[in-house]
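Let me begin by presenting the structure, written as C-alpha cells, before commenting on it.
The values are calculated or read from the model by the stated rules, or taken from the named source; none is laboratory data. Since we're looking at a predicted model, the values are computed, not measured. Counting neighbours? That spans all protein chains shown, and the Cβs are built from the backbone with ideal geometry, glycine included. Heads up: the accessible areas ignore ligands, DNA and RNA and are worked out on the full protein's heavy atoms, side chains in. Shrake-Rupley method; radii C 1.70, N 1.55, O 1.52, S 1.80 Å.
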Amino acid sequence: MAEDTSSPMDRFCGSTFWNATETWYTNDPDFTPCFEQTALVWTPCAFYWAFVIFDFYYLKASLDRNIPWNKLNVSKALVNLGLLVITALDLIMALVKKGGDSELPLYDLDVWGPIIKFATFLLVFIFIPLNRKYGVQTTGCQFIFWFLLTVLSIPRCRTEVRLDAERQKILNSQQPSEQDFSWEEYQFVSFFIFFTFTSIMLILNCFADGMPRQTKYQRGENEIPELSASFLSRITYQWFDKMALKGYRNPLEEKDLWDLRPQDSCSEVMPIFAHHWNQNVRKNYKNKARVEPKAQFSNGNVTFENPHGEKNGRKKGMASIMPPIYKSFGGVFLFGALMKLFTDTLTFAQPQVLSLIISFVEAQEAEPEWKGILYAVLLFVLAAAQTFILGQYFHRMFIVGLRIRTALINAIYRKALRISNSTKKESTVGEIVNLMAVDAQRFMELTTYLNMIWSAPLQIGLALYFLWQQLGPSVLAGLAVMIILIPVNGVIASRIKTYQIRQMKYKDERVKLMNEVLSGIKVLKLYAWEPSFEKQVLDIRDKEIATLRSTAYLNAGTSFLWSCAPFLVSLVTFATYVLTSEANQLSVEKVLVSIALFDLMKLPLTILPMLSVDIAETQVSVNRINKFLNSEELDPNSVLHDSSKPHPMSIENGEFSWGDEITLRNINIEVKKSSLVALVGTVGSGKSSVVQAFLGEMEKLAGVVNTVGKLAYVPQQAWIQNATVRDNILFGQTYDRKRYNKVIDACALRADIDILSAGDLTEIGEKGINLSGGQKQRISLARAVYSDADLYLLDDPLSAVDAHVGKHIFEEVIGPKGMLARKSRVLVTHGVTFLPQVDSIYVMKMGEISESGTFDQLVKNKGAFADFIIQHLQEGNEEEEELNQIKRQISSTGDVPELLGTVEKAIKLARTESLSDSISVTSADSLMGRGGSLRRRTKRQDSHDSVASAASLKKKQEVEGKLIETEKSQTGGVEFAVYKHYIKSVGIFLSVATLVLNFVFQAFQIGSNLWLTQWANDQNVANDTGLRDMYLGVYGAFGFGQVFSYIGSVVIVYLGALIGTRKIFIQLFGNILHAPQAFFDIKPRARILDRLANDVYKLDVVLPELIRVFNSQVFRVLATIVVISLSTPIFLAVIVPIAFLYYFAQRFYVATSRQLMRLESVSRSPIYSHFSETVTGASTIRAYNVGDRFIEESDAKVDKNQVCKYPSVIANRWLAIRLEMVGNLIILFASLFAVLGGQTNPGLVGLSVSYALQVTQTLNWLVRMSSDIETNIVSVERIKEYGETKQEAPWELEQDKNKPKNWPQEGHVEFQNFQVRYREGLDLVLRGVSFNIKGGEKVGIVGRTGAGKSSLTLALFRIIEAAGGRISIDGVDIASMGLHMLRSRLTIIPQDPVLFSGSLRINLDPFEIKTDDEIWKALELSHLKSFVKSLAAGLNHEIAEGGENLSVGQRQLVCLARALLRKTKVLVLDEATAAVDLETDDLIQKTIRTEFKECTVLTIAHRLNTILDSDKVIVLDKGQITEFASPTELLDNPKSAFYSMAKDANLV
C-alpha cells in the first residue's frame, strides 16, 4: 500500500489505525489491532495521569498514618510488580525479535507502547507504600483506572483469540509454512498474562486496606464504616446497609448511631475557619503591626480575633464571613461543581441516543441488530454514570453545608460570650438565637442548590442549541412562552406569600387564645364560659380556613403552570414549525427528541426564580451574621489583676457607663482582705452597677479597677441552667460530698431537695421553670459558695427568700461567722437587719457614693443612710424581732430620736399584720424555719394537698408524663385506621374524584403524545394542509383536556383537605373543652397546644401538598408502565422483580429515615436552648471564667446533632442510588425490548424510551412523598387520640329545661356522707363529709393546707365528681343536672384572679347578655368605676394576656365584679392568700357583706379575722369535719381546734 495515504497513527503502528468498514458498517464489528493497542490502552493511562493529583491530595489530607502490611496490600504490590515485569519483558522482546537483522520491522508502537504502560504501572506502584504510610485505605482513581483498563482490554481478547485460531489453522493445514509465528505467539501469551493481572488488580481494588495504626482521633468500636469502606462501597453506599437493616428491624436509637467522621467535627472544622477569619479581620486594619501566627491549637481552643479591634485601630469596613467560607470550604465545593458540569453534559447525551434508537427502528431492516443493543446499553451506561456522579455530588454538597453550619454556629457562639452590653441591648436573646437557628441553617439548605446558578443557564442554553438543530427558529416561540410563564409564576408566588403571612397571623392569634383557654380552663369550667371561648376560637379558625382556601386556588395555578407548561410550549413550538413553511414536516425523531429536550428545560426554568429568592434571603442572613460578628466586644483589659495593690478588690476614681450616658461617677471603693462590705441605697441608685464594674461588664471611662484572685458572683436574677440541681451547684467542679452537704445546709436547700422528686438529681427545666424564686436564688448562692473562690460579689442574694431563711443564710454563709468569713465579699442588700454586722457600708445615691463607714458612724451622720433606713422601715416588711434588734443597735448609738420613732411605728405595724401561721403553711421556705412568724406578703403558695402529697403527685406525674412522651415518638408504621379516619373526614366522594381526575389527566397526556407520533408517521400530511390542521387541532384539544383535568384534581385535593381539617379541628377542640379537669392535670399544657397548633398546621398546609404530589407521581409511574407495555408487552415480565426491588428499598428507607429525622430534630433543639441559656447567663459565665467549658459543651452538642444528621443525609443518597438503579434497569429493558422486540412503529418505541428516561426521577419522588406522608399522617393519629379522650358529664340535659328559671331560690346546701378523689387511683380527699347549710347562712371553712378545703368547692361545681354520697342544693341532687345548668347558677370568686386577653367587657360578660348599665353598676360596687372611667377605651379597654396590665388587686376586683353581675343565690369565696393588699381585702369583704346579704356564702378562709362574724364555721382536718358550730361557740371552748388556731393568730 502507498505510504502517503496513511495517517501518522498508521505509520506509528505499522498497520491501519481505524477502519470504518471493519468496525461500524458490518454485521460483525471489530477494532483494528492498532486501535486496540493504542487508544484502548492509552485512554485509562491518560485518565490516571490526569487525575493522579487527587491521590496526592488525599495523601496530604489524611488524618491517619501507618497501615500495617497485610495480605491485601502485599498482593497488590506483587501483582503490580508482575505487570511491571511483563511490560519490561515486552519491550526487551520487541527489541530482540524485531528490527535490526530480523525480517520483522520495529515500529514505534513496539517501543512506546510498553514504555507508556510501564510508566503508568510504576506510578501506581509508588502509591502502594505511600498510601500505606499515610493511612489512605482506598483510592478512587486507581479503581477507575483498573476498571477502564480491564474493560477496554476485552475487545483485544477477542481479537487475540481469533488470530490464534487462524494461526492454528495454518499450522494444522498440510502445507509447510515458511512463516515464523514466534513473535505473535509471544504477544498472545504476554497479553493474556497482562489481562489476568489487570483483572486481579481490579478485584483487589474493590476492597479497602486495613485499619491504620496511628490515628489523630481515637477510633471507637462505634466508628462510621465509611472511614474504612472501599471506593466501590462508597459510591454505592453499600457501607450504609447495616444501618438500614437495623433501622428496618426496630426503630433506631441514639446508641445505634455511628461516631462522627473526624473531618466533620468541630475540632477539625473550626481551626480552618478561624484561621481564615482572623486573616480576613487583619486585612481590615491599616495598622499591620500585630502579626500573629495561624489559629493555634491551645489545648483545643480556637481563638477568634475581634474585628472591632483595639480602640485605636482604624477600621476599613466590616469583616465578612464570605471570604473565610470560600477559603475554608471552597475546595470541596469546586470539586462538586466539576461533577455537576459532568452530569449536565451526560443529561444532554440522552436525547441524542434516543434519536439514534428511533432512527434505528425506522431503518429496521437495513441496520444490523448489534447497533440497537449498543444504543440500549449506551443509554443505560449514561444513566448509571449520572446516578453515581450525582450521588457523590449531593453528598459533597451536604457535607459542605454541614461544615459551614458548624463553623457559623461556633463562631456565633464564641462571639456571644464576648459581646458588650451596648451590642446586647440592640438585639433580644431571641434574635441572637435566630442567627444560629435560622440564618446558619439557611446556608446549609442553600449549598445543595447553589451550583444551579451556573448550571441552570447552561442546561437551558444546551437544550436550546439542540432544539435549534431539530426545529430551527420555531424554538423561539416555545421559549417565549416559557419566559412569559416565569413572571406569571412570580406574581402568583408573591400573592401566595402574602396569604401565607396572613394565615400565620391568624394561626398565632388562634394559638394565643387557645393557650389562654388552656391556662384558665379551670376558671372557664367554674363559670361555664366554654361555649363563648369556643366560638371565639372557631371564628378565628374560619378566617384562617378562608385564607387557606384562597391559597389553595393560587397553588392550583402554580402547579398547573408547572405541569402544563411543557405541553403549551411544545404545542406552540410545533404549531409554529409546521405553519411557517410547507417544507417543515414533523418526523417521529424530531417530535420525541424535542419533547425530551423541553422536559429537560422545565426543571432549570422553575428553579431559577426560586433560587434567586433563596439567594436574596441568604444575603440578608449573611448581613445579619456579619453585623453580629463585627459588633463591639467587652474590653478584656478594663479590670486589672495587679497583686501589688494593698487590697484584693478596689476601684479608684471610677467612671462607668452602660454604653450611653455615664451611670457611675467618682467611685472609690476598697474591700480589705476577709472583710464584708455592704452596698446600700434606694432602687436605681447604681448598687448593681458597681458589682458589674468589678466584673468588667461596664464600659470603663476613667479610673482603675483591680481584683486579685478567683471570683464568684451571685446575680440579682438567679441564672439557672437546664441541668440537675447538683450540676447547677457544682458548675463544672468535681463533687466533694462533705463540702457539698455543708454548702447545701448552709444555703438552706436541704428541705427543698427532699421535696424534689429525684432529690438533687432532679432536672431543672429551662430558666429554672420548676423552682420558686427563692429556691433559684439559693441554688445560685450555693454555686458561689461551692466554687470556693477568693472574692465574692453578692448582688442582693436575699431578696427572693423569706425573712427567717434570709437570717439563716446570713448567719451560716455571708456573715462574720458564716462559711465565707475568710473571704473578701461585697454584698448588695435592701435589708436593714444585717447592716450592723458588716465591716463597712457604702451608701449609693444617684450613681455616686454619698457616704461610707461603719453602721454606727453612718447613723450618727444623719445623712443619706439615715434617710434610707427611715424609708425602708416605712415599707414595713420586716419581722418584729428583727426590728427590735435594730432598735437596740440604734439606741446604743444615742441621740437619733426621729429614727427611733420610725422603728417604734414599724414594730406596731408588724404586730398587727402577723398572719395566722397555723393556717397557711406556705412554701417550702417556711417549712424549714418553723420558728419565726411568716411574713405577710408571702411570695408563693403551694395550694396543693399538702406538700408531701404534692411530692408524691409530682413523682406520679413524672412517671405518667414520661410514659406518654416516649410512647408517642416511638411508633413505627401508621395503621390503616388512621388513613381511613382522614379519608372519612375529607369525604369519600372528593377522595375518589381526585383519583379519577388524575387518571383522566394522565390519559390525556398519553393520548396527546400518541397523537403526535401518529401525526409524524402519517405520510399524507406533507401534501394535505387540511389534514395537518386537523392533527394540530386535536393535539390542542388534548392539551385543554389536560389543563382542566389537572386543575380540577389539584383544587379538589386542597379543598377536600380543608373540609377534612376543619371537621377534625372542631371535633378536637370541642373534645378538649369537654375533657374533665383531671385531663389537664396530667397533660402538660404545651403538649395539648402542640396538638392544637402544630399537628393542625400539618393537616392544613403540609399534608394536602404531599398528597397532591404523591397522587400525580403514582399515576405518572402507572402511565410509564402502560406506555412501555403498549410498545413492548414483554416488559410486563420484568416489572414484577423490579417492583420487588423498589418496594424493599423503600421499606428499608422509610423505617430508617423516619427515625433518623426524629433523632435529628430531638438533637437540634439542645444546641439552641444551650445557646440562649449562655446568652442570658453570659455575665455569670465570664465572672466564673468558665467560657471555655461552655464552648466545649456547645461543640459537643453541635457534634451530636451532626451524628444524627449525617446518617439521614446518607440515607437519602443510599436510597437515591438504589432507586435510580432500579429506574436505570427500566430504561435498559424498555430500550432493549424496543430494539429487539421487532416493534416497527418508531413513534411507540421512542415514546416508551422517553417515558422510561423520566421514570427514575418520578420513582425517587414517590418514595420521598410516601415517607413524608407517613411522617405527617402521624398528626392525624395524634389528634385522633386526643379526640377520643374521656369526656366530662354533658353540659346540657333535656330535663334541665323543666327546672325553674331562678333555681336555686333559697340556696340551701346539703352534703350527705360525701366522698371524693381527684383521679382514679388516688386517695380520697374528702372522706364522708356531712353538713347542712340553710339558705342565706354565711359559713367559713378553715383547716390546714391539704385538709380538703378547696376540694369541697370543686365538688360543689362538679369539677371533681363524687366517689360516694351526694350534694343537693334546694333539695335537687346536683349530679342529676347538666354541668352548665349547675355551674351557671352558682357564683365563685376564685383564689387566683384569671383574666383573658380581650376587652374588659368580654372579661365580665363573655356572652354579651348584660346591658351597659348593669355592667357599670357592678363596676361601681366593686370599686372599679373610677378606674375604668379614667381609661380612654372604657369598657372596651384591651386587657393583656393573663391581665398583665392590671395590678393584682385590680384583677381581684374584676373577679368580684363578675360575681356581682351573676348574683346567684350561692356564692363561694375562695380567699386569696397573699395576692391582695389589706385595703382591697377590706373593700371586697365590705361589698360581699352588703351585696350578698340574702345569699348563702361559703368562705374558704386563710385569715381567721375575715370569718369571725360568720354564722357557722366548718373545721376540716384530713378530709373530715372535726368541728361545725358558730365561731363564738368554738372560741368559748379552749379545747377546740379553732380556738388554738385563733390563739396562734393572736386573735384571742
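Closer than 30 Å to N250 by Cβ, surrounded by 16 or more Cβ atoms within 10 Å (Cβ to Cβ) and at pLDDT 90 or above: which single residue out of Y1035, Y982 fits that description?
Y982
Can you name the condition, by its number, that L81 falls short on among (1) in a helix (DSSP H, G or I); (2) exposed (fewer than 14 other Cβ atoms within 10 Å of the Cβ)?
(2)
Which one of these is closer than 30 Å to F810 by Cα and touching a Ser or Thr at 6+ places or on another chain (Cβ under 7 Å): I669, I651?
From the options I669, I651, the qualifying one is I669.
Rundown of residues vs (1) out of contact with any His (no Cβ under 9 Å at 6 or more places or on another chain); (2) within 30 Å of T1025 (Cβ to Cβ), yes/no style:
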| site | (1), (2) |
| --- | --- |
| V517 | yes, no |
| K522 | yes, no |
| P531 | no, no |
| D542 | yes, no |
| S550 | yes, no |
| N555 | yes, no |
| F567 | yes, yes |
| T573 | yes, yes |
| T576 | yes, yes |
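Filter the stretch 1179-1212 down to residues that are touching a strand residue (DSSP E or B) at 6+ places or on another chain (Cβ under 8 Å) and part of a helix (DSSP H, G or I), then give me how many there are.
6
Tell me, which residue of the stretch 1433-1473 that is open to solvent by 50 Å² or more (accessible area, probe 1.4 Å) and assigned to a helix (DSSP H, G or I) is nearest to W1303 (Cα to Cα)?
R1462
Select, from V671, V591, the only residue that is of a type in the set (V, I, T), open to solvent by less than 10 Å² (accessible area, probe 1.4 Å) and at pLDDT 90 or above.
None of the others qualify; the one that does is V671.
Can you pull out every residue in the stretch 830-857 that is part of a loop (DSSP other than H, G, I, E, B) and farther than 13 Å from V690 by Cα?
Selection gives H830, G831, V832, T833, F834, V838, D839, T854.
Which number in (1) surrounded by 20 or more Cβ atoms within 10 Å (Cβ to Cβ); (2) in a helix (DSSP H, G or I) marks the one condition that D754 misses?
Unmet for D754, out of (1) surrounded by 20 or more Cβ atoms within 10 Å (Cβ to Cβ); (2) in a helix (DSSP H, G or I): (1).
For the stretch 22-32, indicate whether the set of residues that are among the β-branched types (V, I, T), assigned to a loop (DSSP other than H, G, I, E, B), at pLDDT 85 or above and open to solvent by less than 70 Å² (accessible area, probe 1.4 Å) is non-empty.
The answer is yes; a qualifying residue exists.
Kindly indicate whether A546 is without any contact (Cβ under 8 Å) to a residue 40 or more places away in the chain and closer than 30 Å to A411 by Cα. Break it down stepwise before answering.
On the way: without any contact (Cβ under 8 Å) to a residue 40 or more places away in the chain: yes; closer than 30 Å to A411 by Cα: no.
For A546, the condition - without any contact (Cβ under 8 Å) to a residue 40 or more places away in the chain and closer than 30 Å to A411 by Cα - is not met.
Taking the stretch 1194-1248, which residues are in contact with a Leu (Cβ under 6 Å, 6 or more places away or on another chain) and more than 25 Å from M1265 (Cβ to Cβ)?
Residues satisfying the conditions are D1199, Q1202, V1203, S1231, G1246.
Just for the stretch 210-234: of the residues that are under 30 Å from the mean Cα position of the chain (by Cα), of a type outside the set (D, E) and in a helix (DSSP H, G or I), which one is surrounded by the fewest Cβ atoms within 10 Å (Cβ to Cβ)?
Ranking the candidates gives P225 first.
Touching a residue at least 24 places away in the same chain (Cβ under 8 Å), farther than 27 Å from R1091 by Cβ, of a type in the set (V, I, T) and surrounded by 17 or more Cβ atoms within 10 Å (Cβ to Cβ): does that describe V569?
Answer is yes for this residue.
Do you know which residues across the stretch 1337-1359 are in contact with a strand residue (DSSP E or B) (Cβ under 7 Å, 6 or more places away or on another chain) and at pLDDT 90 or above?
E1337, K1338, V1339, G1340, I1341, A1355, L1356, F1357
Scanning the stretch 1391-1429 for residues that are among the acidic types (D, E) and in contact (Cβ under 8 Å) with a residue 24 or more places away in the chain, which turns out farthest from V523 (Cα to Cα)?
E1414
Which condition number in (1) in a helix (DSSP H, G or I); (2) in contact with a helix residue (DSSP H, G or I) (Cβ under 6 Å, 6 or more places away or on another chain); (3) over 24 Å from V438 (Cβ atoms) is the one that E367 fails?
Looking at each condition in turn, E367 falls short on (1).
Report, by residue number, each residue of the stretch 798-824 that is assigned to a loop (DSSP other than H, G, I, E, B), under 13 Å from L676 (Cβ atoms) and not basic (K, R).
G815, P816, G818, M819, L820, A821
Could you look through the stretch 858-883, keep only residues that are among the polar types (S, T, N, Q) and closer than 18 Å to H830 by Cα, and pick out the one that is modelled with the highest pLDDT?
By that ranking, first place goes to Q871.
I'm trying to understand the selection: among the residues of the stretch 1486-1504, which are within 21 Å of L1352 (Cα to Cα) and either at pLDDT 90 or above or among the polar types (S, T, N, Q) (or both)?
Within the stretch 1486-1504, C1495, T1496, V1497, L1498, T1499 qualify.
Restricted to the stretch 1277-1317, and to residues that are charged (D, E, K, R), without any contact (Cβ under 8 Å) to a residue 60 or more places away in the chain and in a helix (DSSP H, G or I), which residue is surrounded by the most Cβ atoms within 10 Å (Cβ to Cβ)?
Among residues in the stretch 1277-1317 that are charged (D, E, K, R), without any contact (Cβ under 8 Å) to a residue 60 or more places away in the chain and in a helix (DSSP H, G or I), the one surrounded by the most Cβ atoms within 10 Å (Cβ to Cβ) is E1281.
Quick test of your reading of the structure: D1268 fulfils all but one of (1) open to solvent by less than 60 Å² (accessible area, probe 1.4 Å); (2) without any contact (Cβ under 8 Å) to a residue 24 or more places away in the chain; (3) not aromatic (F, W, Y). Name the failing condition by number.
Unmet for D1268, out of (1) open to solvent by less than 60 Å² (accessible area, probe 1.4 Å); (2) without any contact (Cβ under 8 Å) to a residue 24 or more places away in the chain; (3) not aromatic (F, W, Y): (2).
What tally of residues in the stretch 1520-1535 results from selecting those that are touching a residue at least 12 places away in the same chain (Cβ under 8 Å) and more than 60 Å from the chain's Cα centre (by Cα)?
Looking only at that region, the number is 5.
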